[in-house]
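Structure first, commentary second.
The values are calculated or read from the model by the stated rules, or taken from the named source; none is laboratory data. What you see is a predicted model, and the numbers here were worked out from it, not measured in a lab. Glycine gets a Cβ as well: all are built from the backbone with ideal geometry, and neighbour counts include every protein chain shown.
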Amino acid sequence: MHTKTIAQLAAGLRNGDFSSEELTRAYLDRIARYDDSLNSFITVSEEVALQQAHAADQRLKAGDSTALTGIPVAQKDIFCSDGVLTTCGSRMLENFVAPYSATVIEKFNAAGAVMLGKTNMDEFAMGSSNETSYYGPVRNPWNTDTVPGGSSGGSAAAVAARLAPAATGTDTGGSIRQPAGLCGITGLKPTYGRVSRYGMIAFASSLDQGGPLAQTAEDAAILLGTMAGFDTRDSTSIDEAVPDYTASLNADIKGLKIGLPQEYFNEGLDAGVGKAVEAAIEEYKKLGAKIVDISLPNSHLAVPAYYVVAPAECSSNLSRFDGARFGHRCETPRDLEDLYKRSRGEGFGPEVKRRIMIGTYALSAGYYDAYYLKAQKVRRLISDDFKQAFEKVDVIMGPTAPTVAFKLGEKKDDPITMYLSDIYTIAVNLAGLPGMSIPAGFVKQMPIGLQIIGNYFDEARLLNVAHRYQQVTDWHTHAPAGFE
Ligand code: GLN
């Protein structure tokens, strides 16, 4: 069962080939058997899962099912889940059992999906390798000496190893696309405002966006259809109808204009990855697409601007974790100041502290104009680059990440090099655009991702473009050795 896509599993459930309880148990067994070597889950919610599976079986019998009824899904541990531990990868929330569910979780529940558990992630979603998690690093199932990417590394590793048919992630600067790329699966970061952020623990509020990770674009379309939608509880949620993302998957892409930004094929790109991406573009030409050379001239400013904006917003969002109102509390504080200092000192890991310090500095009086305001202006320039590009092309393509998965520990002590892992993904968040990563080959036996960037609210087109490629290639069907 575990080799099947959501679309196939849903058909199996409806035909009565197996029950949701059997399916759920099969995945729980795989998690018990394999996850020691990957560490992709922080919490396995077996009891909840079996209850939900039971309820789903009733719904299936009653003929009251959706495309996700009875389907097991792993949730990134950044989404608050009522009654289930929600840690955000941090010691700060080690004992936090959420008293309510995020809108995304509620939507999965309403659809009748089954929550297998909460996946490991970089602490507060800050990282590109899953090594900043308080719960230990996640390993990439394609080679357990390498990282799965981050921050949704647990979700990506779990789906790649077939420990879950699908998972959720969040993407602030690349955290859905980069781990999807490094683990050889399909990931979609929607337009900012498409998926509610209510109950999704905030890192950088103007950039954070939830989205699906799955084996195929078809599955991602099913998942996004459930996750997306206006939510009055999120003030940046956009009131725009949710289309049936599966309806246009097969649309012809003859004449599709694909923009290739020269800046995405520069000297920082691994030669093997570049070749694999070019081969994928060749496939698109065969499908009738037209290639247009474009330029996104401010691309080189994306990482520096992001590392002002994201830390600034995180320093403000994370101020609530003070040991008094929220989060870890130190033992026997001497006074209020000692309580703040020690609770935050003990609760946060080094990368989170680094970001809080950078952000607090950038926002402080006297530096605000020089850093934060400047970064916001650069952000506008980056958005304008994309705006101009989308006057000429329908989608933009390039690599998801500059290299294949790197070794655990290789970049851990070198934050700048680590930050460059997201060089091709970050600009998309600054502009608020949707982006996808789909498996597009292997370099030295490690998977690589093709990134597809779309215009605002053009998720249906991205999924269509990805699906057509997956019909003529089989990269998305490969499973890592030992996890088949
Ligand atoms: N790697 C980037 C960072 O560390 C992006 C993380 C994310 O998208 N959550 O901030």
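Condition first: away from the ligand (no atom under 16 Å from the Cβ) and buried (at least 24 other Cβ atoms within 10 Å of the Cβ). Now tell me which residues in region 158-177 satisfy that. So that I can check it myself, show each step before the final result.
Step one: filter region 158-177 for residues away from the ligand (no atom under 16 Å from the Cβ), giving 158-166.
Listed by number, the residues that qualify are Ala158, Val159, Ala160, Ala161, Leu163, Ala164, Pro165, Ala166.
Among the residues of region 178-189, what is the count of those that are away from the ligand (no atom under 13 Å from the Cβ) and either part of a helix (DSSP H, G or I) or at positive phi (or both)? Break it down stepwise before answering.
Kept after step one, since they are away from the ligand (no atom under 13 Å from the Cβ), are these residues of region 178-189: 183-186, 188.
Checking which are either part of a helix (DSSP H, G or I) or at positive phi (or both) leaves us with 183-184.
Residues flagged as away from the ligand (no atom under 13 Å from the Cβ) and either part of a helix (DSSP H, G or I) or at positive phi (or both) within region 178-189 amount to 2.
Apart from one condition, Asp122 fits all of (1) closer than 21 Å to Thr43 by Cβ; (2) within 11 Å of the ligand (Cβ to nearest atom); (3) in contact with a helix residue (DSSP H, G or I) (Cβ under 6 Å, 6 or more places away or on another chain); the exception is (3).
The single condition from (1) over 14 Å from the mean Cα position of the chain (by Cα); (2) surrounded by 24 or more Cβ atoms within 10 Å (Cβ to Cβ) that Ala111 fails is (2). Within region 278-298, is there a residue that is small (Gly, Ala, Ser), buried (at least 16 other Cβ atoms within 10 Å of the Cβ) and modelled with pLDDT of 95 or more? Yes, because at least one residue in region 278-298 is small (Gly, Ala, Ser), buried (at least 16 other Cβ atoms within 10 Å of the Cβ) and modelled with pLDDT of 95 or more.
So, Val404, is that one buried (at least 23 other Cβ atoms within 10 Å of the Cβ) and assigned to a helix (DSSP H, G or I) or not? Talk me through it step by step, then tell me what you get.
On the way: buried (at least 23 other Cβ atoms within 10 Å of the Cβ): yes; assigned to a helix (DSSP H, G or I): no.
No; evaluated as a whole, the condition is false for this residue.
Within region 316-327, does at least one residue satisfy the condition of being within 16 Å of the ligand (Cβ to nearest atom), of a type outside the set (A, V, I, L, M) and buried (at least 16 other Cβ atoms within 10 Å of the Cβ)? Yes, region 316-327 contains at least one residue that is within 16 Å of the ligand (Cβ to nearest atom), of a type outside the set (A, V, I, L, M) and buried (at least 16 other Cβ atoms within 10 Å of the Cβ).
Among the residues of region 8-23, the ones that are aliphatic (A, V, I, L, M) and loosely packed, with under 15 Cβ neighbours inside 10 Å come to 1 in all.
Scanning region 384-400 for residues that are in contact with a Gly (Cβ under 7 Å, 6 or more places away or on another chain) and part of a helix (DSSP H, G or I) gives Ala389, Lys392.
Being within 30 Å of Met397 (Cβ to Cβ) and within 16 Å of the ligand (Cβ to nearest atom) is true of Val309.
Given the structure, is Arg379 closer than 30 Å to Lys290 by Cα, within 16 Å of the ligand (Cβ to nearest atom), in contact (Cβ under 8 Å) with a residue 60 or more places away in the chain and not small (Gly, Ala, Ser)? It would help to see each step written out before you state the result.
Values: closer than 30 Å to Lys290 by Cα: yes; within 16 Å of the ligand (Cβ to nearest atom): yes; in contact (Cβ under 8 Å) with a residue 60 or more places away in the chain: yes; not small (Gly, Ala, Ser): yes.
The answer is yes for Arg379.
Assessment of region 461-484 against the conditions (in contact with a Lys or Arg (Cβ under 8 Å, 6 or more places away or on another chain) and crowded, with 20+ Cβ neighbours inside 10 Å) yields no matching residue.
Look through region 105-155, keep the residues that are among the hydrophobic types (A, V, I, L, M, F, W, C) and in a loop (DSSP other than H, G, I, E, B), and return whichever of them is farthest from Ile201 (Cα to Cα).
Kept after step one, since they are among the hydrophobic types (A, V, I, L, M, F, W, C), are these residues of region 105-155: 105, 108, 110-111, 113-116, 121, 124-126, 138, 142, 147.
From what's left, in a loop (DSSP other than H, G, I, E, B): 113, 121, 126, 138, 142, 147.
Values: Ala113: 21, Met121: 12, Met126: 12, Val138: 20, Trp142: 29, Val147: 23 Å.
Only one residue tops the list, namely Trp142.
Given the criteria within 16 Å of the ligand (Cβ to nearest atom) and modelled with pLDDT of 95 or more, does Gly149 qualify? Judged against the criteria, Gly149 is a match.
Could you grab me the full set of residues in region 199-244 that are of a type in the set (Ser, Thr, Tyr), surrounded by 19 or more Cβ atoms within 10 Å (Cβ to Cβ) and either under 18 Å from Met115 (Cα atoms) or within 16 Å of the ligand (Cβ to nearest atom) (or both)? Write out each step before concluding.
Here is the first cut: in region 199-244, the ones of a type in the set (Ser, Thr, Tyr) are 205-206, 216, 226, 232, 235-237.
After this cut, where a residue has to be surrounded by 19 or more Cβ atoms within 10 Å (Cβ to Cβ) as well, the list is 216, 226, 237.
Once the filter is applied, which keeps residues that are of a type in the set (Ser, Thr, Tyr), surrounded by 19 or more Cβ atoms within 10 Å (Cβ to Cβ) and either under 18 Å from Met115 (Cα atoms) or within 16 Å of the ligand (Cβ to nearest atom) (or both), region 199-244 yields only Thr226.
When Leu207, Leu249 are checked against the criterion of being assigned to a loop (DSSP other than H, G, I, E, B) and touching an Asp or Glu at 6+ places or on another chain (Cβ under 7 Å), a single residue qualifies: Leu249.
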